[in-house]
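The values are calculated or read from the model by the stated rules, or taken from the named source; none is laboratory data. Note that the structure is a prediction, hence the values are computed from the model and not measured. We place every Cβ from the backbone using ideal geometry, glycine too, and count neighbours over all the protein chains shown.
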Amino acid sequence: MIRLRDAFNGVMTFIIRRMHKPLRWDDRCGYITVFHDYEGAYSSPSRKEPSYRGVTQLLEIEKKHNVKASYNIVGKLFDDCPEIIERIISEGHDIASHSYNHKVITKFSLKQIDEDMKKSKEQFDKYNVAFNGFRSPQSRWCFGLIRSMQANGLKWSAERDRSDYPYIIHKKGKDSIIRFPIKMDDWDYISDNVSSDTMFKKLIGVVKEIRKKRSYGAIGFHPWVQGETSERLDMFETFLKEIISMDNLKIKSFGEMYNSIIKI
Ligand SMILES: [Zn+2]
């Protein structure tokens, strides 16, 4: 089912992309961001254990292959599992917000969105980490969220988006919010119960398309989805090894992408 808001967002982002030049920093290769929406028990209490297993194993795999990913973290987890948050930061990954408690943002009033943003920022402040990016639960976002991000000093938004490049989605004065388009995530494991082989082929297909077009795309995983079976974690490692070995393709976190864009 296509939601009315998704259709509206699709039309608006199409118009916005035509108003601003695409942010093409270097078109000699394609760029991928590997990210994780880290939710712990906040998407469902039964997912707490697979989420823990998933996040620790994903960190191991990324350390082994020296990949810097982006972790979009539900704010309450900063209090629940500080050792994981510290590990994510100390191992050089980016962190961003996946909301304070994983409620659907589009059901909030503008005041509630602003409160969510402020509570999330307090969590980042406790760890002395810059609060720069936001990814909505279920990728359900609205322009009120983007304005609240701008008012709270954030720099980028990552959501499902048809663009092949990052672009400026909102600009007010000197400040702008950059949209990083998400091309795919691991939800097919849950919605269609696909095998890890099928998932691998789909992921590689998306990456090859990005490489061919020398464009950009973010690809996401959920620690609890990955942590449910060892096959999925093995596939994640195989996928990382495969994309690391590809020429004309670079893996950069959202923060690294943002920094390479603003230097131009
Ligand atoms: Zn989520």
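Miscellaneous remarks
- Subset of segment 81-111 (residues that are in a helix (DSSP H, G or I) and either modelled with pLDDT under 95 or surrounded by fewer than 15 Cβ atoms within 10 Å (Cβ to Cβ) (or both)): PRO82, GLU83, GLU86, SER90, ILE105, THR106, LYS107, LEU110, LYS111
- The set of residues in segment 192-251 being within 16 Å of the ligand (Cβ to nearest atom) and either part of a helix (DSSP H, G or I) or of a type outside the set (Gly, Ala, Ser) (or both) consists of ILE219, PHE221, HIS222, PRO223, TRP224, VAL225, GLN226, GLU228.
- Scan of segment 20-46 for residues that are more than 25 Å from PHE131 (Cβ to Cβ) and within 16 Å of the ligand (Cβ to nearest atom), ordered by number: SER44, PRO45, SER46
- A single entry from ILE113, ILE95, ILE85 fulfils the requirement of being in contact (Cβ under 8 Å) with a residue 40 or more places away in the chain, on the phi < 0 side of the Ramachandran plot and among the hydrophobic types (A, V, I, L, M, F, W, C): ILE85.
- Scanning segment 188-232 for residues that are in contact with a Lys or Arg (Cβ under 8 Å, 6 or more places away or on another chain), in contact (Cβ under 8 Å) with a residue 60 or more places away in the chain and more than 22 Å from SER46 (Cα to Cα) returns ILE210, ARG214, GLY217, ALA218, ILE219.
- Taking the numbered list (1) among the β-branched types (Val, Ile, Thr); (2) in contact (Cβ under 8 Å) with a residue 60 or more places away in the chain; (3) more than 16 Å from the ligand (Cβ to nearest atom) in turn, THR106 passes all entries but (3).
- Check on PRO82, more than 18 Å from the chain's Cα centre (by Cα) and more than 16 Å from the ligand (Cβ to nearest atom): yes
- Those residues of segment 130-158 which are crowded, with 21+ Cβ neighbours inside 10 Å, within 16 Å of the ligand (Cβ to nearest atom) and under 15 Å from the mean Cα position of the chain (by Cα), in sequence order: GLY133, PHE134, ARG135, SER136, TRP141, SER157, ALA158
- Qualifying residue in segment 66-79 (condition: under 20 Å from TYR31 (Cα atoms), away from the ligand (no atom under 16 Å from the Cβ) and not β-branched (Val, Ile, Thr)): yes
- Tally of residues being in a strand (DSSP E or B) and out of contact with any Pro (no Cβ under 6 Å at 6 or more places or on another chain) across segment 138-177: 13
- Flag if GLY75 is under 17 Å from GLY255 (Cα atoms), in contact (Cβ under 8 Å) with a residue 12 or more places away in the chain and part of a loop (DSSP other than H, G, I, E, B): no
- The residues on offer are SER51, SER120, and the sole one that is more than 24 Å from ASP234 (Cβ to Cβ), of a type in the set (Ser, Thr, Tyr) and within 16 Å of the ligand (Cβ to nearest atom) is SER120.
- Checking each residue in segment 78-121 for being within 15 Å of ASP37 (Cα to Cα) and charged (D, E, K, R) picks out ASP94, LYS103.
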